[in-house]
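The structure appears right after this line, and notes come after that.
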Amino acid sequence: MAEEKKKRAITRLESSALVRPLVNKMYMEGTLAGMEERPVAWSMVNWWEGDIIMRAMGVTPVYPENYGTVCAALGIAQKYMGVSVAEGFPTHLCGYAQNTIGYTTEMKREGKVPEGAPMGGMAQPTFMLSSEGYCDARFKWFQSLRQFWNIPVWTLPFPHPAYTDTSLQDVHKVNVEYMAVELQGFIAFLENLLKKKLDRDKLETMLDNQEKVLKVWWEINELRKAKPCPMHARDFWTMMVPCYYLAYDPETLTVYQQVYNEVKARVDNGIGAIPDEKYRLIFAELPPWHSLGFFDKLAERGWNFATESIGYHPPPPMELNGGSDLLYRIARWTYWQYINTRYRAAKMGYPAVGAAQPFYNWAVEYKIDGILTHPLVTCRTATFWLTHWMNVLRDKLDIPGMSIQGDIVDLTVFDAATALNQAPAFEESMDHFRKVRKSKGLDW
């Protein structure tokens, strides 16, 4: 008798398999648009600020940041990063940027999509859409690509109000108004570039669908507060792509509704994402896309990642006031993505802890035992505040933290064996602090 195949430590959601066809369709749309010489935009993730406007104008966005994760997962990124370095760009530059610069260099040399490019590659852009959100590389790297193509770069605004400002309604009002006005400018730019007018009825239909998608995706992640946690971070990272890039699409809503039904059934039946949940953890911030099998090893030890990656979670239902104008609605969702955790903290009576607020909220509500952080060689934005987050959880909630050095794209700097060797000692810390929390009257 053949040896029975070993069961995987993480029980992945069956409905997560429905996401791959959506992602394939997204890349195929970009390939076809390039072949048919229709408008293509290389776009940064912009938290729904510009995507549906482009879609309503007949532009097909492709996403170099997401393409960086694809190249990393398939082992192609090292080649493109090497080309980027040979072009004079530093090795500590954003890994996604290095991947894109290397890819673009090869594309220009070959005069077409590079040979062997995953997912059919990225078609040559008509223009590029940057975002001010979180990281200056997210507009500077597109500016640098203009050495290859003489095409426009448009940058969308993304105000980052100080934590002391966000209790003032006037701050929100001014910021949303500013974003809405800038979106009107973006529309004017597109109408001039494409020589056509925006179809506002089409835009409204897409926006209605997007808001439904955000609601269902948020409800799915709320279900993960259950014990045992029914959905592991591996499934979150698989399924976050449609929310960010395809929220306009009715197929995305259908898929997320099926995901919700499966996760809800697990909660109702007490089924967890791993067989024996011993520890509930947060992962911060971006994972090693090239080495996701590492999480199976941790799952074998009873580690269940109940939440993760704050920058990629859906916002809760809208609480900001405002009118029904389409551009204001779009702007509010992008802005709400950034500030909503502060509203939650005030509503629940949590202390204000600055940039660590999302993780404080999560730690209490998801009953977290530990935080695993992943400092990235090529992403300072996802790295510089990790120590602060760990310190806040330790000092305020007696939750310990552990760090593993690595990167989102460069697989040579991630040492899974060393990280796994640290796991037993970290488990002792989680066990100890669980007793400390209980002695202080906390309920987990």
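Here the condition is being in contact with a helix residue (DSSP H, G or I) (Cβ under 8 Å, 6 or more places away or on another chain), farther than 23 Å from Leu190 by Cβ and not hydroxyl-bearing (Ser, Thr, Tyr); of Gly50, Gly58, Gly75, it holds for Gly75 alone. Among the residues of the range 390-426, those that are charged (D, E, K, R) and in contact with a strand residue (DSSP E or B) (Cβ under 7 Å, 6 or more places away or on another chain) comprise Arg394, Asp407.
For residues that are among the charged types (D, E, K, R) and crowded, with 22+ Cβ neighbours inside 10 Å, scanning just the range 45-64, find the one that is nearest to Pro157 (Cα to Cα). Among residues in the range 45-64 that are among the charged types (D, E, K, R) and crowded, with 22+ Cβ neighbours inside 10 Å, the one nearest to Pro157 (Cα to Cα) is Glu49. Based on what the data block shows, is Gly82 over 15 Å from the mean Cα position of the chain (by Cα), outside any loop (DSSP other than H, G, I, E, B) and either surrounded by fewer than 24 Cβ atoms within 10 Å (Cβ to Cβ) or modelled with pLDDT of 95 or more (or both)? Here the answer is yes, as Gly82 does meet what is asked. Filtered by the rule that a residue be of a type outside the set (Lys, Arg) and over 9 Å from Cys71 (Cβ atoms), the range 103-118 gives Thr104, Thr105, Glu106, Met107, Glu110, Gly111, Val113, Pro114, Glu115, Gly116.
At pLDDT 95 or above and touching a Lys or Arg at 6+ places or on another chain (Cβ under 8 Å): does that describe Glu365? Yes, satisfied. For the residues Lys195, Lys264, Lys227, the requirement of being of a type in the set (Lys, Arg), under 24 Å from the mean Cα position of the chain (by Cα) and modelled with pLDDT of 95 or more singles out Lys264. Selection within the range 388-444: residues that are among the small types (Gly, Ala, Ser) and either assigned to a loop (DSSP other than H, G, I, E, B) or more than 23 Å from the chain's Cα centre (by Cα) (or both). The member of this set that is surrounded by the fewest Cβ atoms within 10 Å (Cβ to Cβ) is Gly441. Pairing each residue of the range 375-403 that is on the phi > 0 side of the Ramachandran plot with any residue that is of a type in the set (Val, Ile, Thr) and modelled with pLDDT of 90 or more, provided the two are 6+ apart or on different chains, yields C-beta distances under 7 Å for Asp398/Val436. Count of the range 405-429 residues, restricted to those that are at pLDDT 95 or above, touching a Pro at 6+ places or on another chain (Cβ under 8 Å) and either under 25 Å from Thr381 (Cα atoms) or polar (S, T, N, Q) (or both), is 1.
In this structure, Met81 does not qualify as touching a helix residue (DSSP H, G or I) at 6+ places or on another chain (Cβ under 8 Å) and at positive phi.
Please verify whether the range 366-378 includes one or more residues that are of a type outside the set (Gly, Ala, Ser), surrounded by fewer than 20 Cβ atoms within 10 Å (Cβ to Cβ) and farther than 24 Å from Leu420 by Cα. No; the residues of the range 366-378 include none that is of a type outside the set (Gly, Ala, Ser), surrounded by fewer than 20 Cβ atoms within 10 Å (Cβ to Cβ) and farther than 24 Å from Leu420 by Cα. Tallying residues that are among the charged types (D, E, K, R) and touching a strand residue (DSSP E or B) at 6+ places or on another chain (Cβ under 7 Å) within the range 247-277 yields 1.
Of the residues making up the range 90-120, those that are crowded, with 19+ Cβ neighbours inside 10 Å, in contact (Cβ under 8 Å) with a residue 24 or more places away in the chain and either basic (Lys, Arg) or not in a helix (DSSP H, G or I) (or both) number 3. Scanning for something part of a helix (DSSP H, G or I) and either among the aromatic types (Phe, Trp, Tyr) or under 20 Å from the mean Cα position of the chain (by Cα) (or both), does the range 144-161 turn up at least one residue? Within the range 144-161, not a single residue is part of a helix (DSSP H, G or I) and either among the aromatic types (Phe, Trp, Tyr) or under 20 Å from the mean Cα position of the chain (by Cα) (or both).
The values are calculated or read from the model by the stated rules, or taken from the named source; none is laboratory data. Since this is a predicted model, take the numbers as computed values, not measurements. Note: ideal-geometry Cβ built from the backbone for every residue, glycine included; neighbour counts use all protein chains shown.
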